[in-house]
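J.: Dropping a structure here in structure tokens format, bear with me for questions.
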Amino acid sequence: GRLYLTFTALIVEIWLLPIEAPISLFVFLLLLLLSSSFKFPLPVSSAEPTPAEWPHQFHSVLFMNRSGNLQKVDLWYDWPNGRNLNIIQKQLGKLTYDLEWNNGTSYIYTLYPSNNECRTLHFSVGILRPNWLEGATYLGQQHIDGFLCNVWEKVDFIWYYEDVLTQRPVHWVFHSGFSAHVMTFEVGAVLEDAKWQAPVYCFDDAESEEERRKSPLLISAPDGSSFGRLMTATEVVHVSDAM
């Protein structure tokens, strides 16, 4: 209604101008008509956003919490080389390394000279693929850690928060109770090859296969999927510290 009345009023005003009116007045009114009357709203897309794929290589620092149990995790993701490394520092506790390979093998170990520990985990799946969030259910937008985020849920496993402006991950909440706050996200960062080698004592055959089968650290991904593997290392660190 208002747009129609404005348009009509300007047309009438131009029509009523005397013939001897200067041409500049006609031009002014015409420009006014074009600039003020035809401000139609732009169409808004109703399509749901999709989460960004993970970069093929990146480094991220995460602060994780579950009921007051705090951890700092250095996450090195290297999809082209089929490997993923989590360096897990528990608050006033052990520094533990979780080295994951795309063949389904993980090594959980420490590097203390006086206390060499290593356990092997076997999975039926490899590391997370860059597009592992495909098929996640969009839940809308929410403010978290000071960022406006799009939020997705992945098969009753994780709520994933991604910054609306930059599409960087901001916050993860796992159904197991862990929450992760993403402190840094360095796209393209690569850890030197020497740091990807598990220590020699991870390959010690002194422990029998039967003992390995009985170990609570020799476990499988809970749901048989790659993203089910994502939180296993932190669970293993809890078991290891309790032993």
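J.: So which residues in region 150-164 are open to solvent by less than 50 Å² (accessible area, probe 1.4 Å), under 16 Å from F178 (Cα atoms), aromatic (F, W, Y) and within 11 Å of the chain's Cα centre (by Cα)?
T.: Across region 150-164, the qualifying residues are Y160, Y161.
J.: Taking interchain pairs and intrachain pairs at least six residues apart, which have beta carbon atoms under 8 angstrom, with the first residue in region 104-119 and surrounded by 12 or more Cβ atoms within 10 Å (Cβ to Cβ) and the second basic (K, R)?
T.: Hits for this filter: S106/R229; Y107/R119; I108/R119; Y109/R119; T110/K94.
J.: In addition: Inspect region 137-149 for any residue being touching a residue at least 12 places away in the same chain (Cβ under 8 Å), in a loop (DSSP other than H, G, I, E, B) and not acidic (D, E) and give the result as yes or no.
T.: There is no residue in region 137-149 that is touching a residue at least 12 places away in the same chain (Cβ under 8 Å), in a loop (DSSP other than H, G, I, E, B) and not acidic (D, E).
J.: Here's a check for you: in region 150-167, which residue that is touching a residue at least 40 places away in the same chain (Cβ under 8 Å) and not hydrophobic (A, V, I, L, M, F, W, C) is farthest from P49 (Cα to Cα)?
T.: Across region 150-167, the extreme among qualifying residues is K154.
Let's see how each residue does on (1) within 19 Å of A180 (Cα to Cα); (2) of a type in the set (D, E); (3) not in a strand (DSSP E or B):
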residue	(1), (2), (3)
E53	yes, yes, yes
F63	yes, no, no
L70	yes, no, no
L75	yes, no, no
Q89	yes, no, no
T96	yes, no, no
R119	no, no, no
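J.: Tell me yes or no: at least one residue of region 13-25 is charged (D, E, K, R), surrounded by 11 or more Cβ atoms within 10 Å (Cβ to Cβ), more than 42 Å from the chain's Cα centre (by Cα) and at pLDDT below 65.
T.: Checked region 13-25: at least one residue is charged (D, E, K, R), surrounded by 11 or more Cβ atoms within 10 Å (Cβ to Cβ), more than 42 Å from the chain's Cα centre (by Cα) and at pLDDT below 65.
J.: Next question, about the same structure. Checking Y77 against (1) open to solvent by less than 30 Å² (accessible area, probe 1.4 Å); (2) at pLDDT below 95, which test does it fail?
T.: If we test Y77 against (1) open to solvent by less than 30 Å² (accessible area, probe 1.4 Å); (2) at pLDDT below 95, just (2) comes out false.
J.: Have a look at A198, A180, A189 and point out the one that is in contact with a strand residue (DSSP E or B) (Cβ under 6 Å, 6 or more places away or on another chain) and in a strand (DSSP E or B).
T.: One residue alone meets the criteria, A180.
J.: Got a sec? Which of V187, V200, V182 is open to solvent by 60 Å² or more (accessible area, probe 1.4 Å) and at pLDDT 95 or above?
T.: The match here is V187.
J.: So, F147, is that one open to solvent by 30 Å² or more (accessible area, probe 1.4 Å) and not polar (S, T, N, Q) or not?
T.: Yes.
J.: So L128 ticks every box in (1) open to solvent by 30 Å² or more (accessible area, probe 1.4 Å); (2) among the aliphatic types (A, V, I, L, M); (3) modelled with pLDDT under 95 but one. Which box is left unticked?
T.: (1)
J.: If you don't mind, there's one more thing I want to ask. Within region 82-103, how many residues turn out to be within 22 Å of the chain's Cα centre (by Cα), farther than 15 Å from I127 by Cβ and among the hydrophobic types (A, V, I, L, M, F, W, C)?
T.: Adding up the residues that qualify gives 2.
J.: Any residue in region 71-85 that is at positive phi sitting within a Cβ distance under 6 Å of a residue that is open to solvent by 20 Å² or more (accessible area, probe 1.4 Å)? List the pairs, counting only those 6 or more apart or interchain.
T.: Filtered contacts from region 71-85: G82/N102.
The values are calculated or read from the model by the stated rules, or taken from the named source; none is laboratory data. Remember, it's a predicted structure, so these values are computed and weren't measured experimentally. In this analysis, Cβ positions are derived from the backbone assuming ideal geometry, glycine residues included, and neighbour counts consider all displayed protein chains. Note: accessible area is taken over every heavy atom of the protein model, side chains too, but ligands, DNA and RNA are not part of it. Shrake-Rupley method; radii C 1.70, N 1.55, O 1.52, S 1.80 Å.
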